[in-house]
Structure formats: structure tokens, C-alpha cells
Amino acid sequence: MKRISMLFLSVGLISLTAFAQRPSGGGQSTAERADKRVQELNSRVTLTPAQSTQINQVFTDAFKKMEALPTTGDRSQQQTARQEIMRDARRKVQALLTDEQQKKLRNSARQQERSQQRPGGKG
């Protein structure tokens, strides 16, 4: 009986460990998610290689912080914590952009907002 209990405990721990190590964000790793964000930003404003590296680190840090948040408890608190992490990341990214890049990004965001407000979405 003791062996069976230990077997179930071992299988449970292995399953829990595998679940905990699973990347969040649609199966993408933290690095992949950060890379995707940098690519999206680069498509809107042309980043220098140094900016790309620094901004990638900002997003990587933010995603790691979000992954470290507890997954149990009040969902409202979890959402607030995630929003604050991303707000902080946006502030850091803004600080790394030139005035011209910030202006370009604002204009791009306005255009995207306008296209989403049109009936039928884009177009």
C-alpha cells in the first residue's frame, strides 16, 4: 500500500512540475514572446540594434514577472498586477525611444484605433 501511495505521489509531482514549467502565452517561451513584441514595435518604428536589445530585455523581464505571479487567488488582483507590470514595461520602452519614434508610435496607435472603430474592422 505504501508503494502505491509513493507511486501516485511521484506521478503527481512529475505532472505538477511539467505543468509549472509549461510556457505561458499560447505555448511561446518568454524569449519568443519578447522577440515578437520587439518585431511588432520595430515594424511601427525603426529600432536601432541597441534599442532592440534593450527593449527585448524589458519585455523579457516583464513576462518573467508575470509568470512569477501566483495563479491562485483573486483574479482581479492578478489582472491588476499584470497591468501594472505591462504599464511599467511601456514606460521603460518609451524612455528608450527617441522623440521621433514616440511620435511615430502614437500616430500608428491612432491609425490602428481608427481602423478598429470603422464598421467591419480594417479597411
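So here's what we get for this one:
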read-out	value
Residue-by-residue Karplus 3J(HN,Hα) for the range 33-38, coefficients 6.51, -1.76, 1.60, Hz, glycine and proline x	5, 5, 4, 4, 4, 5
Cut-off 15 Å between beta-carbons: net charge of the residues surrounding Ser43, Lys and Arg +1, Asp and Glu -1	+2
Size of electric dipole in the range 29-117: Cβ of Lys, Arg +1 and of Asp, Glu -1, about Cα centre, debye, nearest 20	260 debye
Unit charges at the beta carbon, dipole of the range 29-117: most positive-side option, Gln79, Thr46, Ala109	Ala109
J(HN,Hα) series, the range 97-107, from Karplus relation 6.51 cos²θ - 1.76 cosθ + 1.60, nearest Hz, glycine and proline x	8, 6, 4, 5, 5, 4, 5, 4, 5, 4, 4
Extension gain, Gln117 back to Ala68 (0.36 nm per residue minus Cα-Cα distance, nm)	14.1 nm
For Ser108, Ser52, Ser76, order by how many other beta-carbon atoms lie within 10 Å, fewest first	Ser76, Ser108, Ser52
Asp88-Gln39 FRET efficiency (beta carbon distance; Förster radius 25 Å; 0.05 resolution)	0.75
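Every read-out reported here was derived from the displayed coordinates using simple, explicitly stated rules and does not represent laboratory data. Computed from a predicted structure; not experimentally measured. Counting neighbours? That spans all protein chains shown, and the Cβs are built from the backbone with ideal geometry, glycine included.
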